[in-house]
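Below is one structure, written out as structure tokens, with a few remarks after it.
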Amino acid sequence: MTGHGLQQSPRRVAVFRALQLGDVLCGVPALRSLRRGLPAAHISFVGLPWARGFADRFSHLVDDFIEFPGYPGLPERGWQFDAVAQFFAELRARDLDLAVQLHGSGGITNPLVADFGARLAAGFYQPGAPSPGWSFVPWERRHEIHQLLAPMQRLGMPLCGDHLEFPITPHDEREFAALASRHALRGPYVVVHGGSRMPSRRWPARRFSEVARALAERSYRIVLTGAAPEGEIAREIAARMGCASINLAGHTSLGSLAVLIREASLLVSNDTGVSHIAAALGTPSVIVACGSDVERWRPLDVEHHTVLSSDVPCRPCSYAECPIGHPCALGVSVSAVLAAAEALLGKQ
């Protein structure tokens, strides 16, 4: 008996978490727990298309990747009936012993994962709603990492720490070395990441530029990052700074970005995926949390990571764009971010 009711060790397992980078990284401790508890199992990760690279990078935790084609009621991607039908047929053909739902409180995703056809499903259910079974735990307000570890504990998996990790490959190191050589990147530098997938989660670019300029005046080189669609934000920060910076927005792979952050003196960013990379790699960070649930998503290491937010009654926010003037963002001052940055840099 492996744990709370598991009569035998599952051999074929699927884990469903079809979300973005930061969300998926917060699930790494749960995947680590599952792998430690089921070392001989074949574990498939079911996620959005971008996560194929995640599965490759974390091959010590998962064995293969299954692309999630979307599903009615889930906003992560559009869906088509034929693709969804083929997706469920593929999963049922795998003859799964266990399917783990790590994608929210279960209102939509529990029936979805039930259609995987596994002998046992585990995950979450809304408090007050009927529990689907002993292997499900109530969805509670707590840190996301600890939330996702709860089903693992219910299944009897061993806890292996709540720390994040982000493996760096030799290819990542080579990419970064070429990038650093091309841009003459040497000496202490600070990474400034002004983008985020939703505009409601972005601190104003003009405020990032003021922080960046002040740090540049303290002899730190400023490296601006972002995905290609966030290039305009990085260009605005660079233009407003009025001094030299290195703009790498749209010019890094995920791996070279991770090495860039690992080698930085500090990351200053919105509450987005790069903040979790910094937490995983031990780079100090100042995170401006606009609209998000701070207690759910903040780095657990409060000594090396400072999260600044403005306590407004409408957070956590579900809007892509703020309809009331963005008080959560404007409530965080440049002086507060700069003071936090200087305090972390001073510890070095």
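Key figures for this structure:
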{"item": "Length-normalised contact order of region 170-346 in % [C-alpha pairs under 8 Å, at least 6 apart]", "result": "24 percent"}
{"item": "Relative contact order computed over the chain (Cα-Cα under 8 Å; 6+ residues apart), in percent", "result": "15 percent"}
{"item": "Gyration tensor (alpha-carbon) shape descriptor, region 289-348, a/c threshold 1.5", "result": "oblate"}
{"item": "DSSP loop trypsin sites (Lys or Arg not before Pro) with at most 13 other Cβ within 10 Å: longest gap in the chain", "result": "219-346"}
{"item": "Nitroxide proxy distance, nm - points 7 Å out along Cα→Cβ at residue 171 and residue 134", "result": "4.4 nm"}
{"item": "More than 16 Å apart - percent of Cα-Cα pairs taken over region 2-83", "result": "54 percent"}
{"item": "Distribution of pairwise C-alpha distances over the chain, 20 Å bins, in %", "result": "29, 55, 16, 0"}
{"item": "For region 78-131, alpha-carbon Rg relative to the globular expectation (2.2 N^0.38 Å, N residues)", "result": "1.20"}
{"item": "Longest segment of the chain lacking chymotrypsin sites (Phe, Trp or Tyr not before Pro) that sit in a DSSP loop with at most 16 other Cβ atoms within 10 Å", "result": "135-318"}
{"item": "Nearest 10 degrees, 0 to 90: helix 81-93 Cα axis against the chain principal axis", "result": "60 degrees"}
{"item": "Whether region 166-255 is rounded, prolate or oblate, judged on the alpha carbon gyration tensor where a/c under 1.5 counts as rounded", "result": "oblate"}
{"item": "Contact order normalised by residue count of region 273-348, Cα under 8 Å, 6+ apart, percent", "result": "33 percent"}
{"item": "All-pairs Cα distance distribution in region 241-325, expressed in whole percent, bin size 5 Å", "result": "3, 13, 22, 20, 16, 15, 9, 2"}
{"item": "Sorted by Cβ neighbour density within 10 Å, fewest at the top, the residues 140, 210", "result": "140, 210"}
{"item": "Ellipticity estimate at 222 nm from DSSP helix runs (n ≥ 4, -39,500 (n - 2.57)) divided over the chain, nearest 500", "result": "-10500 deg cm²/dmol"}
{"item": "DSSP-defined beta bridges in the chain - what % are antiparallel, rounded to 5", "result": "0 percent"}
{"item": "Using alpha-carbon coordinates, inclination of helix 205-216 to the longest axis of the chain, degrees", "result": "60 degrees"}
{"item": "Shape metrics for region 12-155, restricted to C-alpha atoms - Rg then Dmax, Å", "result": "13.9, 38"}
{"item": "For a label point 7 Å along the Cα-to-beta-carbon line of residue 312, residues of region 188-218 with backbone N under 13 Å", "result": "199-204"}
{"item": "FRET efficiency estimate (nearest 0.05) - Cβ-Cβ, residue 218 to residue 183, R0 25 angstrom", "result": "0.80"}
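No lab work stands behind these numbers, since they all come straight from the coordinates. No experiment lies behind these values; they were computed from the predicted model shown. Every residue, glycine as well, gets a Cβ built from its backbone with ideal geometry; the counts of neighbours run over all protein chains shown.
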